[in-house]
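To start, the structure under review is shown below, and the notes come after it.
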Amino acid sequence: MNCRIILLPGDGIGPEVMNSALAVLNEVGRIYDITFNLTEELVGGCCYEKHGVSITNETVKSCRGADTVLLGAVGGPEWDSLPHESKPETALLRLREELGLYSNLRPAIILPQLAGHSPLKRKVINGLDLMIVRELTGGIYFGKPRGHNSDKGWNTLVYTREEVERIAHTAFQLARKRANRVTSVHKANVLESSQFWKSVVSDVHRSYPEITLTDMYVDNAAMQLVSAPAQFDVILTQNMFGDILSDITGTLTGSLGMLPSASFGANHAMYEPVHGSAPTIAGYGVANPIGMIISVAMMFTYSLDLTEAGDLINKAVEAALANGYKTEDIASDDETPCTTKEMTDAIVGTINRMYDGTEASTNMEKVGK
Ligand code: NAD
């Protein structure tokens with residue numbers, strides 16, 4: 001098997017966690033006899049420094065021609081004062097738009113090894129295993145007109161029927177492979193665009209009678225996520241609501257550094273951790289690489305159709321945690337934190353030993369489902 005991947009490490013801790021992704025790719029590639037054709041490109045603030053833009057046309061073209069894209073993170077305080085169109089984060093918006101990545105999947109589970117690290121009581125987070133399906137190329141982040149002057153600032157929240165239908169299909173199809181429940185999150189008590197969202201999701205639901213659909217206002221969803229998160233299976237929501245809610249799930253699971261994400265369109269896919277460039281810890285070699293590494297696992301499962309390799313990576317992550325490897329963000333007061341490299345080496349070593357059969361996948365049972 002041959003696979004062409006574009007690597008976009010980006011800024012801050014992006015290159016550090018991308019190194020971890022590469023170590024895992026090499027090991028899994030060796031085991032499953034996959035040849036990766038890897039091309040690294042600049043994106044974000046580092047690209048602005050060299051080319052005066054957050055992403056070049058050539059890089060967008062390369063991403064279009066690749067099997068898949070892996071991204072670290074972009075941004076940092078040194079670029080905060082740039083005009084909006086030059087900011088590092090515009091690279092992400094451009095990639096999502098030009099690759100047509102309208103579905104963003106953000107899973108969150110609670111691992112037994114981290115249950116004590118969640119800010120919520122164990123009995124509240126027991127059974128947490130949810131998937132946020134966030135619409136990624138529409139809504140208020142893309143609507144026009146938008147702008148600001150010295151008197152006012154404005155954005156437009158608009159969704160078309162086609163945009164809502166396709167993301168609703170993604171959510172219902174995913175629910176079929178999970179616990180058959182979808183919660184559609186919106187603000188239909190206030191926003192017309194949400195009333196439209198609610199009615200289109202309900203139309204699409206007719207094709208999935210086996211799935212239970214529940215509607216929930218976004219403010220209530222935020223509260224339910226911290227008071228009774230185990231009730232959720234698939235959360236289907238719009239661009240900005242998904243952005244905010246998935247940071248809440250980051251805290252529930254112990255650290256933002258643990259969360260992976262996958263973005264799909266009709267023809268392209270991109271995988272990246274949920275976290276940003278974490279500028280205050282960049283360069284110290286202490287970033288948690290797990291969000292990035294599980295993003296690689298999702299890539300194997302969803303883009304390369306190698307679920308076995310994805311499962312192997314996930315189990316190796318759980319085993320490394322069970323063996324006491326914890327980066328600073330997830331270590332308890334009485335635990336000595338490990339570095340990014342130590343965590344990566346532990347995961348890669350476990351992948352190797354598990355595949356050889358010399359290490360059983362013990363301690364793998366998740367809390368709850
Ligand atoms: P952030 O995710 O970078 O950091 C939030 C907090 O989580 C910080 O305390 C950070 O140290 C910690 N953290 C994040 N990832 C971690 C990891 N892997 N290991 C250990 N700790 C981790 O969010 P922020 O501080 O709001 O943003 C910093 C920069 O990143 C900004 O420029 C922002 O625009 C950008 N950003 C980029 C992306 C992206 O590239 N997808 C996403 C969010 C924010």
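The values are calculated or read from the model by the stated rules, or taken from the named source; none is laboratory data. Quick caveat: nothing in here was measured; it's all calculated off a predicted structure. Cβ atoms come from the backbone with ideal geometry, glycine included; neighbour counts cover every protein chain shown. Note: accessible area is taken over every heavy atom of the protein model, side chains too, but ligands, DNA and RNA are not part of it. Shrake-Rupley method; radii C 1.70, N 1.55, O 1.52, S 1.80 Å.
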Using the alpha-carbon centroid of each, what span in Å lies between region 82-154 and region 220-253?
11
Inter-label distance for Lys341 and Lys177, nm, one decimal - labels placed 7 Å from Cα along Cα-to-Cβ
3.6
Take Thr35, Thr137, Thr350 and sort them by solvent-accessible surface of the protein heavy atoms, 1.4 Å probe, largest at the top.
Thr35, Thr137, Thr350
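Using a 1.4 Å probe on the protein chains only, how many percent of the accessible area of region 119-252 belongs to carbon and sulfur? Walk me through the intermediate numbers first.
Numbers: 3290 of 6330 Å².
Its accessible area is 52 percent carbon and sulfur atoms.
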Distance between the C-alpha centers of region 182-207 and region 1-64? Whole Å please.
37
Just the number, please: percent antiparallel of the DSSP beta bridges in region 119-252, rounded to the nearest 5.
20
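So, R0 is 41 Å and r is the distance between the beta-carbons of Thr251 and Lys61; what FRET efficiency does that work out to, to 0.05? Before the final figure, lay out each step's value.
Working: r = 38 Å, r/R0 = 0.92.
Efficiency, from the Cβ-Cβ distance: 0.65.
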What residue among Ile110, Ile31, Ile55 shows peak mean-square fluctuation when the chain is described by a Gaussian network model with Cα springs under 10 Å?
Ile31
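With Cβ to Cβ distances under 12 Å as the rule, what net charge do the other residues near Cys46 carry (K, R +1; D, E -1)?
Working: positive: Lys50; negative: Asp11, Glu40, Glu41, Glu49, Glu78.
Here the charged neighbours net out to -4.
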Cα gyration tensor shape of region 159-282, rounded if a/c is under 1.5, else prolate or oblate by comparing a/b with b/c
prolate
Per q in 0.07, 0.11 Å⁻¹, report the Debye log10 I(q)/I(0) for the chain, using one uniform scatterer on each alpha carbon and no solvent.
-0.30, -0.76
Once all protein chains are kept in place, Lys61 shows an accessible area at probe 1.4 Å, nearest 10 Å², of 150
Cα-based shape type of region 64-120, given that a ≥ b ≥ c are square roots of the gyration tensor eigenvalues and the cut on a/c is 1.5:
oblate
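Can you work out the accessible area per residue across the chain, with the rest of the protein chains kept in place, probe 1.4 Å, in square angstrom?
Working: 15870 Å² over 369 residues.
Heavy-atom accessible area per residue stands at 43 Å².
Which pairs break 24 Å Cα to Cα here: Lys121/Lys326; Lys121/Lys177; Lys87/Lys326; Lys50/Lys152; Lys121/Lys341; Lys144/Lys187?
Values: Lys121/Lys326 20 Å; Lys121/Lys177 28 Å; Lys87/Lys326 33 Å; Lys50/Lys152 34 Å; Lys121/Lys341 31 Å; Lys144/Lys187 20 Å.
From Lys121/Lys326; Lys121/Lys177; Lys87/Lys326; Lys50/Lys152; Lys121/Lys341; Lys144/Lys187, over 24 Å: Lys121/Lys177; Lys87/Lys326; Lys50/Lys152; Lys121/Lys341.
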Report the local net charge at Gly242: Lys and Arg +1, Asp and Glu -1, summed over other residues whose C-beta lies under 11 Å from its C-beta.
-1
